[in-house]
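The values are calculated or read from the model by the stated rules, or taken from the named source; none is laboratory data. Model, not experiment: these values are computed from the prediction. All Cβ positions, even for glycine, are placed from backbone atoms using ideal geometry, and neighbour counts span all protein chains on display.
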Amino acid sequence: MPWIGCFRLRALHLLFLAVLGASLVGLWQLAVMLSVRLEERTIEALSWLLTGKIIVVDPGHGGTDPGVVGPSGVPEKEIVLAVAKRLRDLLEQGGARVIMTREKDRGLDDSKRGDLAARVDLANKSGADIFVSIHANSFPEPDEDGAQTFSQPGCVESRKLAHAIQAEIVRLLRNTVRVPKEVDYFLNRQTKMPSCIVEVGFVTCPREERLLLDPAYQSQMAFAIYAGIVKYFAERATPTSNWIDDKIIETFEKSAPPRLKAP
Ligand SMILES: [Zn+2]
């Protein structure tokens, strides 16, 4: 009977489309997996660039200063220390010498100002190549989410560091489209080496707070920051035309005579 033939044809069509769809999804997943693996190998291959580098990792707050506290009640100081320790381990495996501003739940001074000044002082006396401060963000609205890096306005090298880390966070964690920002913060202004603050996410966003409390996510975040640092040193070692342009502009700005005032 004709309707049976028609039914068979439709069933065959559907089966064909299902197989095609599944194959395409499979191929897509394979391509994503391969590209992630390839990227990891690239990071591994570039990690030798960390050899001999001195890196100050600064987990924010500590002791009597909890930082921001999210709905679960776990303070920022605990989250950032967990991420910072994972970052330290990765950097040390890569051959860098890591100086932590704190390894325990303690501040560096009783006053907030003194605490920040002590962190800057430690970094400036260490001869560090870069300074990376780890914090967590907060906002009155619970919808605000996503990690973001901050550097000192006008500081070319710090901007590159912040851009490199943000790019890896966006690419590897795939949960934010935030861009790096240049804001005048005491830590970034006072440190003499390229520096940036990494806000690893918003503890005031319940979904992101849950992630930030998850050791697996803390490791992924630490790896993204690590990958950004490796890529920053890779860019410094093999200057791109962009890097040269920035250097030329920087040198020109330094050597240019003061501009004459308009009459
Ligand atoms: Zn903070």
Considering the range 78-98 alone, what residues qualify as being in contact with a Leu (Cβ under 7 Å, 6 or more places away or on another chain) and within 16 Å of the ligand (Cβ to nearest atom)?
-> I79
Unmet requirement for V56, which otherwise passes all of (1) part of a strand (DSSP E or B); (2) farther than 21 Å from P194 by Cα | (2)
Residue count, the range 193-225 (criterion: under 24 Å from T42 (Cα atoms), of a type outside the set (S, T, N, Q) and either buried (at least 18 other Cβ atoms within 10 Å of the Cβ) or in contact (Cβ under 8 Å) with a residue 12 or more places away in the chain (or both)) | 10
Looking at (1) surrounded by 22 or more Cβ atoms within 10 Å (Cβ to Cβ); (2) closer than 19 Å to P194 by Cβ; (3) of a type in the set (D, E, K, R), find the lone condition where R88 falls short.
-> (1)
When N188 is run through (1) outside any helix (DSSP H, G or I); (2) within 16 Å of the ligand (Cβ to nearest atom); (3) out of contact with any His (no Cβ under 6 Å at 6 or more places or on another chain), the failure sits at (1)
Among the residues of the range 174-181, is there at least one that is surrounded by 18 or more Cβ atoms within 10 Å (Cβ to Cβ) and within 10 Å of the chain's Cα centre (by Cα)?
-> yes
Can you tell me which residues in the range 37-48 are more than 18 Å from the chain's Cα centre (by Cα) and either of a type in the set (G, A, S) or modelled with pLDDT of 85 or more (or both)?
-> A45, W48
Across the range 114-144, the tally of residues that are more than 16 Å from the ligand (Cβ to nearest atom) and within 16 Å of the chain's Cα centre (by Cα) stands at 1
Assuming T149 fulfils every condition listed in (1) within 16 Å of the ligand (Cβ to nearest atom); (2) over 25 Å from A82 (Cβ atoms) apart from one, which condition is it?
-> (2)
Output for the range 39-77, where each listed residue is within 12 Å of the ligand (Cβ to nearest atom) and surrounded by fewer than 21 Cβ atoms within 10 Å (Cβ to Cβ) = D65, P66, G67, V68, V69, P75
Report yes if some residue within the range 131-153 is farther than 20 Å from V69 by Cα, surrounded by fewer than 21 Cβ atoms within 10 Å (Cβ to Cβ) and hydrophobic (A, V, I, L, M, F, W, C); otherwise report no.
-> no
